[in-house]
Amino acid sequence: MLKSSPQIKLAPSILSANFARLGEQVAEATKVGADYIHVDVMDGCFVPNITIGAPVVAAIRRFTDLPLDVHLMIETPERQIKQFADAGADIITVHIETCPHIHHTVQAIKGLGVKVGVALNPGTPIDTLKEVLSSLDLVLVMTVNPGFGGQTFIEAMLDKVADLRAELDKNGLATELEVDGGINAEFAPQVVSAGARVLVAGAAVFNSGQTIEEALRKIRASLL
Ligand code: DX5
Ligand code: ZN
């Protein structure tokens, strides 16, 4: 008997979008089948680049009904979470490397009435999540070192995704397992086999020489 394939969500990362036409690009991604809109917030400190802040999240909020999946690559994220929640974020993900008081940070995000995620850099082991795992709505496994779009997928992360999938399943947790970095039609099936259920993709979706619709269709087709 055929095993039914799991429901996979695609989360285009606007990092590779045309920032001069951000609203239009978000609306287009929404229309052609994205599941989340992934928003990369960088502070030039935790990661080398600076991208956008809460006002831009508020601006794109008007162009989509999809969940805004806000990935904070910033130091001291607790100082910013309220601004992002007020701007319309549906999911706020912080990096564990920036949160010495992760239990408190997770509770603070939940207290704002939004979903909470925690991200792990490639070099950070999944054990660091153990004490908070059951409180999370989402875990984000970085499959590149954060800071830039268009990098190459780190294949060693497949084992990490599989380990985390096993841990979630062992504990009966419905926490979403998201991967971010270098995802395209080649690696999408591999991360899904390893246990990922939400795939972020930037360079493979925006400015990839094809329409957003074609790009999303190509990733979905790779999963069949
Ligand atoms: C990397 C960001 C990613 C990035 C993914 O620091 O967190 O979301 O935009 O882009 P691609 O798919 O181009 O690696
Ligand atoms: Zn991201």
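Tabulated data for the structure shown
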| read-out | value |
| --- | --- |
| Packing rank of 123-134, 103-114, where each peptide gets the mean count of other beta carbons within 10 Å, highest leading | 103-114, 123-134 |
| Per-residue HN-Hα couplings for region 67-83 [Karplus 6.51, -1.76, 1.60; θ = phi - 60°; Hz; x = Gly/Pro] | x, 8, 9, 9, 9, 8, 9, 9, 6, 6, x, 4, 6, 10, 5, 5, 4 |
| Extension gain (nm, one decimal) between N121 and A162, 0.36 nm per residue minus Cα-Cα | 13.2 nm |
| Label zone at K130, where the point sits 7 Å out along the Cα-to-Cβ direction: region 168-182 residues whose backbone N lies under 18 Å | 168-173 |
| For region 174-179, 3J(HN,Hα) per residue [Karplus equation, 6.51 cos²θ - 1.76 cosθ + 1.60, θ = phi - 60°, Hz, x = Gly/Pro] | 8, 3, 6, 10, 10, 10 |
| Mean-position separation - Cα centroids, region 1-78 and region 106-179, in angstrom | 17 Å |
| Normalised contact order of the chain, rounded percent, pairs of Cα under 8 Å and 6 or more residues apart | 20 percent |
| Residue-by-residue Karplus 3J(HN,Hα) for region 13-21, coefficients 6.51, -1.76, 1.60, Hz, glycine and proline x | 8, 6, 4, 9, 6, 7, 5, 6, 10 |
| Proximal lysines to K170, defined as alpha-carbon separation beneath 21 angstrom and excluding residues fewer than eight positions away on the same chain | K3, K130, K160 |
| Accessible-area ranking of S13, S193, S135, largest first, probe 1.4 Å | S193, S135, S13 |
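The values are calculated or read from the model by the stated rules, or taken from the named source; none is laboratory data. Every value quoted in this text rests on a predicted model; they were computed, and no experiment measured them. A quick note on method: Cβ atoms are made from the backbone with ideal geometry, for glycine too, and the neighbour counts reach across all protein chains shown. These area figures cover heavy atoms from the full protein model, side chains too; ligands, DNA and RNA do not enter into them. Shrake-Rupley method; radii C 1.70, N 1.55, O 1.52, S 1.80 Å.
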